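The values are calculated or read from the model by the stated rules, or taken from the named source; none is laboratory data. Worth saying up front: this structure is predicted, and the values here are computed from it rather than measured. Backbone-built Cβ (ideal geometry, glycine too); neighbour counts: all protein chains shown. Side chains included, ligands, DNA and RNA excluded: accessible areas come from the protein's heavy atoms. Shrake-Rupley method; radii C 1.70, N 1.55, O 1.52, S 1.80 Å.
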Amino acid sequence: MIHAVVGLKSCSKLYVICSRTFSPEALGIVPGAIFLICLIICLVGFATNHPSKLLDLNSALLSICFMLFLGFTDDVLEWPWRYKLFLPSVASLPLLCCYNGSTSVVVPIPLRHLLMNDGSLTVFGSALCQVVVVDQNANGAIVNLGIFYLLYMGLLAVFCTNAINIHAGINGLEVGQSYIIGCSVLFHNLVEIWSDSLSRENHVFSAMMLLPFLGVSLALLQHNWYPASVFVGDTYCYFAGMTFAVVGILGHFSKTLLLFFIPQIINFLYSSPQLFKIVPCPKHRLPQFNASTGKMEPYAVP
């Protein structure tokens with residue numbers, strides 16, 4: 001199957017130096033396709049018992065399939081970065097269109113006095129009411145962001161897909177971090193399900209999507225672990241990132257999802273000067289292999 005879906009164009013240029021053998025790079029398409037098949041099979045049983053979630057399932061399939069296709073074409077055609085930032089936003093539109101959850105956020109207690117004081121809006125609270133809705137009945141504890149919350153979720157999809165992609169370069173790192181994040185999110189779902197919370201149905205939906213994802217990721221990790229026989233490419237990174245965005249948005253815990261991406265957020269902040277061209281950015285900040293010595297050496301910017 002490797003030879004069927006991966007040609008010479010998508011074989012890694014970073015081939016194994018010692019054996020002079022090429023390793024296929026875009027193998028993320030295989031677990032992604034198997035994941036979609038499993039999700040379609042799960043759709044039959046889950047939608048029968050939860051008909052209200054049928055629209056969510058269809059939008060999830062559409063968004064993940066779109067990103068899987070984008071990732072594979074990126075491995076083959078090498079899209080410029082501007083497309084990698086724009087197209088995930090387009091892929092998240094089906095999710096945002098069918099989102100029917102709350103668009104409100106709870107204001108931290110130390111910051112509530114900035115919005116309301118003694119039962120009346122402050123100057124800052126009055127100015128904020130021009131763009132969002134401050135719940136005066138809750139004494140400034142709740143703010144309805146409206147369309148800005150939908151914008152946040154669209155940007156979340158962009159961040160998740162590129163966060164997995166940028167934190168890469170070592171055998172097993174892309175799949176390994178995705179597997180750990182997936183297990184953490186699944187544990188969060190199980191805790192919410194067992195506690196019989198009001199959003200139990202949403203967490204059942206999220207857990208149903210994560211189980212096949214963890215299965216295909218674990219199988220891929222076996223082949224991507226050092227020394228890697230295959231490389232996942234951007235295909236798996238975009239597929240994994242959009243899967244997390246889907247479970248976070250449609251599971252109605254998009255704010256909590258960011259807690260599981262703390263290492264990726266730190267890496268993004270650390271890489272910001274290079275991403276925004278403030279300092280020179282080499283293709284990879286990781287050490288490079290010296291074939292003459294058989295050792296890794298620091299990568300120096302020319």
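Descriptive notes on the structure:
- Residue within region 114-125 that is surrounded by fewer than 14 Cβ atoms within 10 Å (Cβ to Cβ), more than 25 Å from SER217 (Cβ to Cβ) and small (Gly, Ala, Ser) present: yes
- The combined condition, being touching a Phe, Trp or Tyr at 6+ places or on another chain (Cβ under 7 Å) and in a helix (DSSP H, G or I), is fulfilled by SER184.
- Test: residue in region 53-64 that is surrounded by 13 or more Cβ atoms within 10 Å (Cβ to Cβ) and in contact with a Ser or Thr (Cβ under 7 Å, 6 or more places away or on another chain): yes
- Pairs with Cβ under 6 Å, 6+ apart, first in region 14-39 and farther than 16 Å from GLY71 by Cα and modelled with pLDDT of 65 or more, second open to solvent by less than 50 Å² (accessible area, probe 1.4 Å) and in a helix (DSSP H, G or I): CYS38/PRO212
- Just one of the listed residues (THR48, THR73) is more than 30 Å from ALA207 (Cβ to Cβ), part of a helix (DSSP H, G or I), of a type in the set (S, T, N, Q) and free of Cβ contacts under 8 Å to residues at least 24 places away in the same chain, namely THR73.
- Residue pairs whose Cβ atoms lie under 7 Å apart, sitting 6 or more positions apart in sequence or on different chains, and linking a residue in region 76-92 that is in contact (Cβ under 8 Å) with a residue 60 or more places away in the chain to a partner that is of a type in the set (Lys, Arg) and exposed (fewer than 14 other Cβ atoms within 10 Å of the Cβ), are VAL76/LYS9.
- Candidates MET208, MET296, filtered to the one that is open to solvent by 80 Å² or more (accessible area, probe 1.4 Å) and in contact with a Leu (Cβ under 9 Å, 6 or more places away or on another chain): MET296
- Filtering LEU259, LEU190, LEU198 for residues that are outside any helix (DSSP H, G or I) and out of contact with any helix residue (DSSP H, G or I) (no Cβ under 6 Å at 6 or more places or on another chain) leaves a single hit, LEU198.
- Flag if GLU192 is of a type outside the set (S, T, N, Q), more than 18 Å from the chain's Cα centre (by Cα) and crowded, with 17+ Cβ neighbours inside 10 Å: yes
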